[in-house]
Amino acid sequence: MNSSAEALRHHLKTAKDLRLRANGEADTARDRLSLRQWQAGRLARSHADLLASQRFGQAAEFFLSDLYGPKDFSSRDEEVERILPLLIKMLPESALRTVALAVELDALSEELDSAMVAALRSSGGIDRIDEDHYAAAYREVGCPAGRLRQIELIRETGEALDRLARKPLLSGMLKLMRTPAHLAGLGDLQEFLERGFNAFRQMGPATEFLDSIDRKERMVSANLFAGVAMPFR
């Protein structure tokens, strides 16, 4: 098995275990969703310029909906896990690596969010979450290496999608796969690949887009750890 397939198998199991734990109790599942919705709103505000851009808007929406947002990725990951041996044979290495990176980001985000939910609960509950409350919980959780890896994964996934978008034959392959994928119960995975491919193909070279996200997210993380007032501005 190649390295991307091994990584994919490992991160699928991690993400699945963390999600099962988070969704095991209704209150925990609700708080996890509330946290992710708040974080998605923060990301939309921080990257409002990209969302409003004619060139970058579609890619920014893809990042906020399919890579880091309140959406539950369980169905996509279950599809990947169910047919992993077939995917290894069917998908080119570049596409398999893209899925592996996205699932690794999902698993790491689940881990960090679980710790954030616990920290927010211990300091008054998620119902009163605001910038100050979030910042205090962020520092309590710590894990600077994990936060840095999260930002690196956003960039690495974007770079993998950028490389995919430059493969003209892949567009035809994705179109041919559309109907069989839905009939086989693989709609979420198919739509994830298509949305990412189309967003990055429409945008063109991704360096400026990824530089903007990378720079802002590193600054936000540094501000949060340093206790800077209004860390998101």
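The values are calculated or read from the model by the stated rules, or taken from the named source; none is laboratory data. Bear in mind that the values here come from a model prediction, so they are computed numbers and not experimental data. All Cβ positions, glycine included, derive from the backbone under ideal geometry; neighbour counts span all protein chains shown. Protein only, heavy atoms only, side chains kept; ligands, DNA and RNA dropped before computing areas. Shrake-Rupley method; radii C 1.70, N 1.55, O 1.52, S 1.80 Å.
If you take the beta carbon distance between ALA40 and THR207 as r and set R0 to 22 Å, what does 1/(1 + (r/R0)^6) give as a FRET efficiency, to the nearest 0.05?
E(calc), rounded to 0.05, equals 0.35.
Under 25 Å between C-alpha atoms is the cut-off here; go through the chain and count lysine pairs that meet it, provided they're at least eight residues apart or on different chains.
Close lysine pairs found across the chain: 9.
Based on the inverse mean of 1/r over its pairs of different Cα atoms, what is the Kirkwood hydrodynamic radius of the chain, in Å?
Details: mean 1/r = 0.0543 Å⁻¹.
It is 18.4 Å.
If you roll a 1.4 angstrom probe over the protein chains with everything in place, what fraction of the accessible area of the chain belongs to carbon and sulfur, to the nearest %?
That share works out to 56 percent.
If one takes the longest principal axis of the Cα atoms in the chain, at what angle in degrees, from 0 to 90 and to the nearest 10, does the Cα axis of helix 3-22 lie?
For helix 3-22, the angle is close to 40 degrees.
What is the distance, in nm, between label points placed 7 Å from the Cα along the Cα-to-Cβ direction at GLU140 and at HIS10?
With each label placed 7 Å out from Cα toward Cβ, I get 3.1 nm.
Quick one: accessible area per residue over the range 10-166, 1.4 Å probe, rounded to a whole number of Å²? All intermediate terms of the calculation are to be shown ahead of the outcome.
Numbers: 6980 Å² over 157 residues.
With the other protein chains kept in place, the range 10-166 gives 44 Å² per residue.
Rounded, prolate or oblate: which fits the range 90-172, taking a ≥ b ≥ c as square roots of the Cα gyration tensor eigenvalues, rounded meaning a/c under 1.5, else prolate when a/b beats b/c? Please report the intermediate quantities before stating the final value.
Values: a/c = 3.30, a/b = 3.17, b/c = 1.04.
Cα axes put the range 90-172 in the prolate bin.
So how tilted is helix 131-141 from the main axis of the chain? Cα-based, degrees 0 to 90, rounded to 10.
That works out to roughly 80 degrees.
Go ahead and run the numbers for FRET between ARG128 and VAL228, Cβ-Cβ distance against an R0 of 22 Å, rounding to 0.05.
Values: r = 21 Å, r/R0 = 0.96.
Result of the calculation: an efficiency of 0.55.
Output the 0 to 90 degree angle, nearest 10, between the alpha-carbon long axis of helix 93-122 and the longest principal axis computed from the alpha carbons of the chain.
20
Given charges of +1 on the Cβ of Lys and Arg and -1 on the Cβ of Asp and Glu, with all other atoms neutral, how large is the dipole of the chain about its Cα centre, in debye to the nearest 20?
The dipole of the chain has a size of about 440 debye.
Counting alpha carbon pairs within less than 8 Å and at least 6 residues apart, what relative contact order, in whole percent, applies to the range 1-70?
Over the range 1-70, the number comes to 26 percent.
If I model a spin label at ARG30 and GLN54 as a point 7 Å from the Cα along the Cα→Cβ vector, what separation in nanometres do I get?
Between ARG30 and GLN54, the simple spin-label model gives 4.6 nm.
For THR28, THR157, THR207, give me the order by solvent-accessible area with a 1.4 Å probe, most accessible first, ignoring ligands, DNA and RNA.
Working: THR28 25, THR157 0, THR207 85 Å².
Correct descending sequence by accessible area is THR207, THR28, THR157.
Under 10 Å, Cα contacts only: if you run a Gaussian network model on the chain, which one of LEU84, LEU153, LEU105 comes out with the highest mean-square fluctuation?
Comparing LEU84, LEU153, LEU105 in the GNM, the peak value goes to LEU84.
I need to check one value: relative contact order of the range 1-160, counting alpha carbon pairs closer than 8 Å and at least 6 residues apart, in percent.
Here the relative contact order equals 33 percent.
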